[in-house]
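Below you'll find the structure, written out as structure tokens, and then a few comments.
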Amino acid sequence: MSEPVKELTTKERMAIPRHEMPRQEPMERRKNFFEVALGYSAEQARQEAERCLQCKKPSCIEGCPVEVRIPEFIMALRGGDMPGAVRALKDKNNLPAICGRVCPQETQCEINCVLAKKGKPVAIGRLERYVADWELGQGVTPPALPPPTGKKVAVVGAGPAGLTCAADLARIGHKVTLFEALHAPGGVLMYGIPEFRLPKAIVHAEVNYVKSLGVELRLNAVVGKIFTVDELLNERGYDAIFLGTGAGLPMFMNIPGENYNGVYSANEFLTRVNLMKGYLFPEWDTPVKVGKKVAVVGAGNVAMDSARCALRLGTIRALEEGSESPEVHIVYRRSREEMPARAEEVENAEAEGVILDLLTNPVEIYGKEGWVSGMRCIRMELGEPDASGRRRPVPIPGSEFDMDVDTVIMALGTQPNPMVFTASGGLERTRHGTVVADEDTGKTTKSRVWAGGDIVTGAATVISAMGAGKRAAADIDRFLRGE
Amino acid sequence: MYEILEKEVFSAVTKLIVVSAPDVAHKAQAGQFVVVRVVDEGERIPLTIADFDREQGTITMVFQEVGKSTIHLGTLQPGDSLASMTGPLGRPTEIENYGTVICVGGGVGIAPMYPIARELRAAGNHVISIIGARTRDLLFWEDKMGAVSDELIVCTDDGSYKRKALVTEPLKELLEGRNDVSRIWAIGPAIMMKFCCLTTKSFGVPTIVSLNSIMVDGTGMCGACRVEVGGKTKFVCVDGPEFDGHEVDWDLLLSRQRIYLPEEKLAREKFLAGHHDCMKK
């Protein structure tokens, strides 16, 4: 028998240092696609959980878009009640193993932690991951479901917003069909975020949980083509529709030379690597090419993911061929401070050897026999703040120079795919191509249609999409119950 | 899902399959394509729709075995299933009564030409079709094309069947001989479409081509299929696959089709080495 656990004082709790996450070493991990962050051990998780002060008014919850009852799951974890921790976590979050890995906790729950005021916040994300992984290791039991309500909802897009909306509606007893355009569910979790940040087995496991709630998944179904929104509402008998099709259209710079072989959109590059498992070619059939010197244009999380994938592909090939390791550059027109990527992702990329070329903007891509042979760039300086509040980058006249690159990946952001809007009259959109929807409810201008995630906000985060899916599910339920 | 119901072998490398896909068939129109995965580890490959039957719920595709995926597809038999099929994708052919039209189908391009010619005829056009292939073995559907055309010209590059000519030769003669042709469709290998467009350009007859670039998702997400038409970048999957052939940058298309040649060769050789037995089927 273990000794009874002695309650720590607040002072003692605050004296416990935040536990770092064990990770693969940078020079080792650039040679493989295995997960970088290795997860807490049981002891590390328990000690980290001891740091939580169990605030009476927990401000961490306010920072969470899906309002996970953070102190409650941490308390259960601390007391060794793992099933209780799982229940508290999953009551609000259907995809905790995913969120524990890809949420920007540092700007959401953890920034609100009282410990953050004087030192380092409780590692809420890492604890979430620990609890979720524990459950996946045990085998997930679906919750008991209420009797069917007889209402049918079509959820379009099986990404973070759609999965969350579908799961919440199914848990209330509504019949949900989840339509996905690709051959695998998960959306950006599958095609965008690389295996080394979010193993696809984790995505499969959490999607299986959503299916276990009774959600019917229809893959290879491009809404707008195979069925239109109006057909789903009027001919196929759905009482309501949630659109969560994301922001899937790539943007290019519209500079000369962008169509040479060797120029990828980040979407294409990442889809080949992640969804199609291009890093396993030729065991898997889809090839992907990286050269000896790669430029990734842009500095968001997608740019970091692209750079780190390119670095791994190039390093693995160099090891096989006995040739020199590749050079991978991030080319960004503003400075480090304005980079939209999570600081942690930038650190990870730099530690692995990605080179940052800041205040640099491409103006032309050169080609030779159809292939990229170089990129002309211009140096930038920061001027007055623009509409986004960030200082506007201004070219420095005469500062053009050539980069000797053979692969260019454009990671400049994405827009919603207009395909879903075929035969969906009455659905208002902004000039950016996003859908107009109420922020609190997801309600669009079209009757019986809700929307959430990147299709409404433009490219944002997994968790903000999940929050939108959750709020829409609640409003759809109110509508279906006739309130 | 996506079970192969029928298979026809036109030649050692040209095969037809009829696949069960009721929802795709319900919406399919002439000129559109589907994206197919043969196996779970497979590529997503675009195949143009050769025919569809809304009542039977089937999609017909004709493909030529070129790379690993199409060779593998060719080994499947009725009763086998595809890993996935997505569609119908792309914009359908703009069918109208244009008057007199010419439909040129080269090689495996005869297959997608067939439903287009059929719909054009049904819309009241006088349809003149030209079908051709490198050699007799690679020619198919002469009867079907004949049934939906007012006139049919058949040729082979090597003269092994009917007229010995490239499809551009009868095309040029037709345009020289009559001035009532208001529109032309040309579908086949990129090089054939390029030369058809060069032929028709001086006659000023609008010529529609169906481009076959490399794709991944087929829904506008990746941009792998981008081409330049009239100096502007277009995505074949959502802006096409049909474009004004006189405006297409053919050299760019041909260059982009060759991006993965070494990888395609490697994958093909690996597959053939590993699947020698089932290739005998």
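Using R₀ = 22 Å, calculate the FRET efficiency as 1/(1 + (r/R₀)^6) where r is the Cβ-Cβ separation of A:Gln138 and A:Ser212; round to 0.05.
0.95
As a check on your grasp of the helix formula, calculate [θ] at 222 nm for chain A: sum -39500 (n - 2.57) over DSSP H runs of n ≥ 4, divide by the residue count, round to the nearest 500.
Value at 222 nm, helices only, nearest 500: -9500 deg cm²/dmol.
Could you check the spin-label model distance between B:Glu142 and A:Leu382? Points 7 Å from the Cα along Cα→Cβ, value in nm.
It works out to 7.4 nm between the two label points.
What are the trypsin sites (Lys or Arg not before Pro) within the stretch A:1-84 that DSSP puts in a loop, where the Cβ has at most 11 other Cβ atoms within 10 Å?
A:Lys6, A:Lys56
Could you work out how far helix B:110-122 tilts from the main Cα principal axis of chain B, as a 0 to 90 degree angle to the nearest 10?
50
For a label point 7 angstrom out from the Cα of A:Ala474 toward its Cβ, which stretches of the stretch A:38-77 have the backbone nitrogen within less than 16 Å?
Inside the label zone: A:61-70.
Got a sec? Which residues in the stretch A:310-350 would a label at A:Glu25 touch, if it sits 7 Å along Cα→Cβ and we count backbone N under 16 Å?
none
Where does the charge balance sit around A:Gly237 when Lys and Arg score +1, Asp and Glu -1, over other residues with C-beta under 11 Å from its C-beta?
+1
Using label points projected 7 Å from each Cα along Cα→Cβ, tell me how many nm separate A:Leu53 and A:Thr107, to one decimal.
Those two pseudo-labels are separated by 2.6 nm.
Using modelled backbone amide H atoms (1.01 Å from N, in-plane), which distant-in-sequence or interchain residues come within less than 5 Å of A:Thr360's amide H?
Sorted by chain and number, the residues that satisfy this are A:Tyr332, A:Arg333, A:Arg334, A:Met380.
If you keep only loop residues by DSSP, which trypsin sites (Lys or Arg not before Pro) in the stretch A:378-483 have at most 16 other Cβ atoms within 10 Å of their Cβ?
Qualifying residues, ordered by number: A:Arg390, A:Arg431, A:Arg481.
Taking each residue of A:222-228 in turn, how many C-beta atoms of other protein chains fall within 10 Å of its C-beta, and what is the average?
For this peptide, the per-residue mean of nearby foreign Cβ atoms is 5.
What's the local net charge at B:Trp141, with K and R +1, D and E -1, over the other residues with C-beta under 12 Å away?
My count for the surroundings of B:Trp141 gives -2.
What residues from the stretch B:106-135 fall in the zone where the backbone N is under 16 Å from a label point 7 Å along the Cα-to-C-beta line of B:Ser160?
Residues B:107-108, B:132-135 qualify, since their backbone N sits under 16 Å from the label point.
Find, among the GluC sites (Glu not before Pro) in the stretch A:356-404, those assigned to loop by DSSP (not H, G, I, E, B) with at most 15 other beta-carbon atoms within 10 angstrom.
When the GluC sites (Glu not before Pro) of the stretch A:356-404 are filtered for loop state and at most 15 Cβ neighbours within 10 Å, A:Glu369, A:Glu400 remain.
Going by alpha carbons, how many degrees (0 to 90, nearest 10) lie between the helix axis of B:168-177 and the longest principal axis of chain B?
So the inclination is approximately 20 degrees.
Quick one: what does P(r) look like for the stretch B:211-281 with 5 Å bins over all Cα pairs, in whole %?
3, 16, 20, 17, 12, 10, 10, 7, 3, 1
Can you give the three extents of the C-alpha atoms in the stretch B:91-208 along their principal axes, from longest to shortest, in whole Å?
35, 29, 27
Return the FRET efficiency for the residue pair B:Gln77, B:Glu176: r is the Cβ-Cβ distance, R0 is 45 Å, and the value is rounded to the nearest 0.05.
Plugging the Cβ-Cβ distance into 1/(1 + (r/R0)^6) gives 0.40.
Residues of A:255-262, mean number of Cβ from any other protein chain within 10 Å of their own Cβ, rounded to a whole number?
Per-residue shielding by partner chains comes out at 3.
Give me the percent of Cα-Cα pairs in chain B that sit more than 33 Å apart, rounded to a whole number.
Counting every Cα pair in chain B, those more than 33 Å apart make up 18 percent.
Roughly what % of Cα-Cα distances in the stretch B:95-150 sit above 14 Å, to the whole percent?
45
Return the distance in nm (one decimal) between the two label points of a simple spin-label model at A:Glu364 and A:Glu337, each offset 7 Å from Cα along Cα→Cβ.
Each label point is offset 7 Å from its Cα along the Cβ direction, giving 3.4 nm.
Which ³J(HN,Hα) values, rounded to whole Hz and listed in residue order, are derived for the stretch B:20-33 from phi using the Karplus coefficients 6.51, -1.76 and 1.60 in 6.51 cos²θ - 1.76 cosθ + 1.60 with θ = phi - 60°, glycine and proline given as x?
Each residue of the stretch B:20-33 in turn: 6, 7, x, 5, 5, 4, 4, 9, 4, 9, 4, x, 8, 9 Hz.
To the nearest Å, what is the center-to-center distance of the stretch A:89-142 and the stretch B:96-152, using C-alpha atoms only?
61
If we count every other residue with Cβ under 14 angstrom of A:Asp402's Cβ, Lys/Arg +1 and Asp/Glu -1, where does the sum land?
Computed value for this residue: -1.
In whole Å, how far is the Cα centre of the stretch B:3-65 from that of the stretch B:203-281?
Each part's Cα centre sits 17 Å from the other's.
Divide, for the stretch B:34-81, the radius of gyration over alpha carbons by 2.2 N^0.38 Å, where N is the residue count.
1.17
Determine the distance separating the Cα centre of the stretch A:308-372 from the Cα centre of the stretch A:1-69; give it in Å without decimals.
32
Give me a comma-separated list of calculated 3J(HN,Hα) values for the stretch B:148-165, in order, Karplus coefficients 6.51, -1.76, 1.60 applied at θ = phi - 60°, integers in Hz, x for any Gly or Pro.
For the stretch B:148-165, the Karplus curve yields 10, 10, 7, 9, 9, 10, 10, 9, 10, 4, 9, x, 6, 8, 6, 6, 8, 5 Hz.
Enter the mean number of other protein chain beta carbons within 10 Å of the beta carbon of each residue in B:212-221, as an integer.
Average neighbour count from other chains, rounded to a whole number: 6.
Based on alpha-carbon atoms only, what is the radius of gyration of the stretch B:2-89 relative to the globular estimate 2.2 N^0.38 Å?
Against the empirical 2.2 N^0.38 Å value, I get 0.97 for the stretch B:2-89.
With viscosity set to 0.890 mPa s at 25 °C, what whole-number translational diffusion coefficient in µm²/s follows for the stretch A:53-126 from Stokes-Einstein and a Kirkwood radius over Cα pairs?
Once the numbers are plugged in, D ends up at 200 µm²/s.
Once the Cα gyration tensor of chain A is diagonalised, what are the square roots of 5 times its eigenvalues, in whole Å and ordered largest first, as equivalent ellipsoid semi-axes?
Equivalent ellipsoid semi-axes, largest first: 36, 31, 21 Å.
I need the peptides B:97-108, B:55-66 ranked by packing, meaning the mean over residues of other C-beta atoms within 10 angstrom, with the highest value on top.
B:97-108, B:55-66
Select from B:Ile45, A:Leu356, B:Leu73 the residue farthest towards the positive end of the dipole of the protein assembly as shown; place +1 on Cβ of Lys and Arg, -1 on Cβ of Asp and Glu, and compute about the Cα centre.
It is A:Leu356.
Among A:Leu412, B:Leu261, B:Leu89, which comes first, second and so on when ranked by fewest other beta-carbon atoms within 10 Å?
Ranking A:Leu412, B:Leu261, B:Leu89 by Cβ neighbours within 10 Å, fewest first, gives B:Leu261, A:Leu412, B:Leu89.
Two decimals is fine: what is log10 I(q)/I(0) at q = 0.20, 0.25 Å⁻¹ for the stretch A:177-247, from a Debye sum with one equal scatterer on every Cα and no solvent?
Each listed q maps to, in turn, -0.91, -1.21.
For a quick check: with amide H placed at 1.01 Å from N, whose amide H comes under 5 Å from B:Cys103's, ignoring anything fewer than 5 positions away on the same chain?
B:Ile128, B:Ser129, B:Ile130, B:Trp185
Report the extension gain between A:Asp81 and A:Thr445 in nm, rounded to one decimal, defined as 0.36 nm multiplied by the number of residues separating them, less their alpha carbon distance.
Answer, rounded to one decimal: 126.5 nm.
Placing +1 on the Cβ of each Lys and Arg and -1 on the Cβ of each Asp and Glu in the stretch B:211-281, which of B:Val216, B:His246, B:Pro262 has its Cα farthest towards the positive end of the resulting dipole?
Among B:Val216, B:His246, B:Pro262, the one farthest towards the positive end of the dipole of the stretch B:211-281 is B:Pro262.
What FRET efficiency comes out for A:Ser323 versus A:Glu347 if R0 is 30 angstrom and r is the Cβ-Cβ distance? Round to the nearest 0.05.
The calculated FRET efficiency here is 0.60.
List, in order, the whole-Hz ³J(HN,Hα) value for each residue of the stretch A:96-101 obtained from phi through the Karplus relation with A = 6.51, B = -1.76, C = 1.60 and θ = phi - 60°; use x for Gly and Pro.
x, 5, 6, 4, x, 9
Considering amide H positions built from the backbone, and no H for Pro or chain starts, which residues 5 or more places from B:Val39, or on another chain, come under 5 Å of its amide H?
B:Ala83
Quick note: the coordinates plus some simple rules give every number you see, no bench work behind them. Not measured: the values here are computed from a predicted model. When we count neighbours, we look across all protein chains shown, and the Cβ atoms used for this are built from the backbone with ideal geometry, even at glycine.
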